[in-house]
1. Determine whether the stretch 205-216 contains at least one residue that is within 19 Å of Arg55 (Cα to Cα) and within 13 Å of the ligand (Cβ to nearest atom).
2. Identify all residues within the stretch 76-92 that are open to solvent by 10 Å² or more (accessible area, probe 1.4 Å) and among the small types (Gly, Ala, Ser); write none if there are none.
3. Among the residues of the stretch 231-252, is any free of Cβ contacts under 8 Å to residues at least 40 places away in the same chain, within 13 Å of the ligand (Cβ to nearest atom) and open to solvent by 60 Å² or more (accessible area, probe 1.4 Å)?
4. Criterion first (touching a helix residue (DSSP H, G or I) at 6+ places or on another chain (Cβ under 6 Å) and within 17 Å of Leu216 (Cβ to Cβ)) does Val140 satisfy it?
5. For the condition under 29 Å from Ala273 (Cβ atoms) and either in contact with a helix residue (DSSP H, G or I) (Cβ under 6 Å, 6 or more places away or on another chain) or surrounded by 15 or more Cβ atoms within 10 Å (Cβ to Cβ) (or both), what is the one hit in Leu184, Leu153, Leu134?
6. Would the stretch 123-132 turn up any residue that is hydrophobic (A, V, I, L, M, F, W, C) and over 21 Å from Ala218 (Cα atoms)?
7. Please return the ranges of helices (runs of 4 or more DSSP H) entirely within the stretch 1-93 where 1 or more residues are at positive phi and small (Gly, Ala, Ser).
8. Check Gly101, Gly73, Gly53 and return the single one that is at pLDDT 95 or above, under 22 Å from Ala263 (Cβ atoms) and either touching a Gly at 6+ places or on another chain (Cβ under 8 Å) or open to solvent by less than 30 Å² (accessible area, probe 1.4 Å) (or both).
Amino acid sequence: MESFGARLHRAVAERGPLCVGIDPHPGLLARWGLADDVEGLDRFSRTVVEALGDRVAAVKPQSAFFERFGSRGIGVLESTIRQLRNAGALVVLDAKRGDIGSTVSAYASAYLDPSSPLYADAVTASPYLGVGSLAPMFEVAAAHGGGVFVLALTSNPEGATVQRAVGADGRTVAQTVIDEISQLNRGAEPLGSFGLVVGATVGDTGHDLSTVNGPLLAPGLGAQGATAADLRTVFGPSLPSVLPSYSREVLLAGPDPAALRAAAERALADCRAALAVGD
Ligand SMILES: O=c1ccn([C@@H]2O[C@H](COP(=O)(O)O)[C@@H](O)[C@H]2O)c(=O)[nH]1
């Protein structure tokens with residue numbers, strides 16, 4: 001089975017370095033002329049899939065916006081994931097799960113086992129019960145060609161108090177996460193399957209990302225204030241591994257599929273320019 005890292009590397013080479021989020025905020029549903037209910041959620045998600053599923057490298061549904069409608073919302077999430085995969089986009093399910101290892105096993109089954117209705121190509125995970133507690137996710141991902149993106153330096157201003165806290169060994173919490181994920185990806189080619197989330201809003205990270213050898217998912221662009229040009233400051237020599245991610249910035253262009261495509265193309269052009277190596 002081809003690894004997630006290899007699949008993502010190919011998708012980015014073919015479609016460009018861009019991930020678009022599906023975040024059906026109540027305000028966006030209203031702006032699109034849709035009701036804040038399961039039917040509106042379904043129409044919103046189908047429109048994004050139809051507009052972008054066959055052209056962007058990755059799509060990141062935000063689980064929370066589906067969960068808020070209960071079991072029927074989860075049903076829409078299941079079909080959205082299926083539709084995206086059928087359209088050829090890699091699906092990064094943004095669920096930010098984390099728990100003690102025995103419970104993480106269940107999350108691994110839910111999101112990374114191909115027999116699950118919520119099976120995605122990759123999932124986001126929270127390391128604050130210890131990176132080691134996520135081992136079941138890493139194992140199931142490795143067994144089935146999946147990926148895991150672990151929070152390291154998140155895009156929200158509140159994250160720094162936890163992530164930049166310094167431990168007894170002198171490393172920050174974030175650097176510990178970076179180092180443990182680097183170990184998992186050691187020797188992987190062309191790219192490891194275990195990524196980090198590093199917000200495009202964080203400025204110069206002051207952290208060493210050079211050893212990661214895995215994808216660096218960068219949310220925070222657009223609505224949270226970061227621009228593609230900021231990626232250079234944040235990632236420096238690690239730019240080739242960056243997967244920029246936009247949600248509201250692109251979604252605000254809807255519901256016209258052509259306008260969504262144009263917004264994604266603008267975002268991609270900005271990211272290509274920012275990520276161009278040697279400029
Ligand atoms: O550090 C993080 C981790 C995840 N996110 C998620 O990404 C999107 C951002 O949406 P925008 O509309 O582009 O602001 C959202 O789903 C967040 O939960 C993040 O922003 N920062």
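The values are calculated or read from the model by the stated rules, or taken from the named source; none is laboratory data. Nothing here was measured: the structure is a model prediction, and the numbers come from that model. FYI the Cβ positions are ideal-geometry reconstructions off the backbone, even for glycines, and counts take in every protein chain you see. Each accessible area value is taken on the protein alone, full model and side chains, heavy atoms only, with ligands, DNA and RNA left out. Shrake-Rupley method; radii C 1.70, N 1.55, O 1.52, S 1.80 Å.
1. Narrowing the stretch 205-216 to residues within 19 Å of Arg55 (Cα to Cα): none.
No, the conditions are met nowhere in the stretch 205-216.
2. Ser79, Ala87, Gly88, listed by residue number.
3. So in the stretch 231-252, the residues free of Cβ contacts under 8 Å to residues at least 40 places away in the same chain come out as 233-240, 249.
Keeping just the survivors that are within 13 Å of the ligand (Cβ to nearest atom) gives 234, 249.
Still in the running and open to solvent by 60 Å² or more (accessible area, probe 1.4 Å): 249.
Scanning the stretch 231-252, I find at least one residue that is free of Cβ contacts under 8 Å to residues at least 40 places away in the same chain, within 13 Å of the ligand (Cβ to nearest atom) and open to solvent by 60 Å² or more (accessible area, probe 1.4 Å), so the answer is yes.
4. Numbers: touching a helix residue (DSSP H, G or I) at 6+ places or on another chain (Cβ under 6 Å): yes; within 17 Å of Leu216 (Cβ to Cβ): no.
No, not satisfied.
5. Numbers: Leu184 fails: under 29 Å from Ala273 (Cβ atoms); Leu134 fails: under 29 Å from Ala273 (Cβ atoms).
None of the others qualify; the one that does is Leu153.
6. As a first pass, look at the stretch 123-132 and keep what is hydrophobic (A, V, I, L, M, F, W, C): 123, 125, 129, 131.
From what is left, the residues that are over 21 Å from Ala218 (Cα atoms) are 129.
Yes, the stretch 123-132 contains at least one residue that is hydrophobic (A, V, I, L, M, F, W, C) and over 21 Å from Ala218 (Cα atoms).
7. Working: elements: 4-15, 26-31, 38-52, 63-67, 70-87.
Where helices (runs of 4 or more DSSP H) fall fully within the stretch 1-93 and carry at least 1 residues being at positive phi and small (Gly, Ala, Ser), they are 70-87.
8. Working: Gly101 fails: under 22 Å from Ala263 (Cβ atoms); Gly73 fails: under 22 Å from Ala263 (Cβ atoms).
After applying the criteria, what remains is Gly53.
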